[in-house]
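A.B. asks: Quick one: this structure, given as structure tokens, is what I'll be asking you about.
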Amino acid sequence: GPFVLSSGWLIVIVFVLADDRIKQASLRYFTIAFAVTLVPGIVVLALSALGIDVPWHAVAAKRFDFDILLGNTPGYYRGYLGSVVLNDQVVTIGRGAIFRLQAMYDEPGVVGTFCALLLAANEMRIRRHPFNAILLVGGLLSLSMAFYVIMFCYCLLRRPLAALVVAGSALGIVLLTPLANASIVQLYFLGRVTLNGGRFLADNRVTGLFT
């Protein structure tokens, strides 16, 4: 058939051929725009954790139609002002509730992956760079395995000893203390890692709603 150049590929080609100043400006503006989209979700998560009831409404999505075919109750998003949350990702703690940050995107992994890549592209400059600070907070709150792996690899290349010490300490605290039995740790971390055939397998999606 005839060769068709999509608009997406055209944008990529133009960007690759563009002047370095345009590339730097594009990265800066995209970083700012993406960071801004995280703010409503971070605010909602903070208020929910403090036990403040934030109004929401159920939002259906095509991706949940498979649940109906299996005869299961279909999942849905909790729609907040400027953000959404998967209904099965909300964990009640006392009067409050916490969940993985996913902002306005379809899953938390999107937040974590973009935050990690943008932070790496911006060389992890946090001081005097408030939007990078938002990306760091957003990535951590997304509890995305992709975020932690990309950040670990980046830090391992820049400061290998510090990266190994911090990662080893964090794993030790989680695995060798009562934290390992906490429901949050099991759901968001340990429950996503399995041993199969002598290999560790990690699931970055954490929920059956994505199967």
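A.B. asks: Quick one: is residue 118 assigned to a helix (DSSP H, G or I) and in contact with a Phe, Trp or Tyr (Cβ under 7 Å, 6 or more places away or on another chain)?
C.D. replies: yes
Yes/no matrix, rows are residues, columns are (1) part of a helix (DSSP H, G or I); (2) at pLDDT 85 or above; (3) under 16 Å from the mean Cα position of the chain (by Cα):
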position	(1), (2), (3)
137	yes, yes, yes
141	yes, yes, yes
151	yes, yes, yes
168	yes, yes, no
180	yes, no, no
205	no, no, yes
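A.B. asks: Can you say whether residue 11 is open to solvent by 50 Å² or more (accessible area, probe 1.4 Å) and either part of a helix (DSSP H, G or I) or of a type in the set (Ser, Thr, Tyr) (or both), as far as the supplied structure shows?
C.D. replies: For residue 11, the condition - open to solvent by 50 Å² or more (accessible area, probe 1.4 Å) and either part of a helix (DSSP H, G or I) or of a type in the set (Ser, Thr, Tyr) (or both) - is met.
A.B. asks: Oh, and also: Just a yes or no: is a residue in region 57-77 at pLDDT 85 or above, open to solvent by 70 Å² or more (accessible area, probe 1.4 Å), over 20 Å from the mean Cα position of the chain (by Cα) and closer than 30 Å to residue 132 by Cβ?
C.D. replies: Scanning region 57-77, I find no residue that is at pLDDT 85 or above, open to solvent by 70 Å² or more (accessible area, probe 1.4 Å), over 20 Å from the mean Cα position of the chain (by Cα) and closer than 30 Å to residue 132 by Cβ, so the answer is no.
A.B. asks: Something else: In region 24-35, how many residues are open to solvent by 60 Å² or more (accessible area, probe 1.4 Å) and either touching a helix residue (DSSP H, G or I) at 6+ places or on another chain (Cβ under 8 Å) or under 16 Å from residue 100 (Cα atoms) (or both)?
C.D. replies: 1
The values are calculated or read from the model by the stated rules, or taken from the named source; none is laboratory data. Because the structure is predicted, anything quoted here is derived from the model rather than measured. Using ideal geometry, Cβ is built from the backbone for each residue, glycine included, and neighbour counts are taken over all protein chains shown. Only protein heavy atoms, including side chains, enter the accessible area calculation; ligands, DNA and RNA are left aside. Shrake-Rupley method; radii C 1.70, N 1.55, O 1.52, S 1.80 Å.
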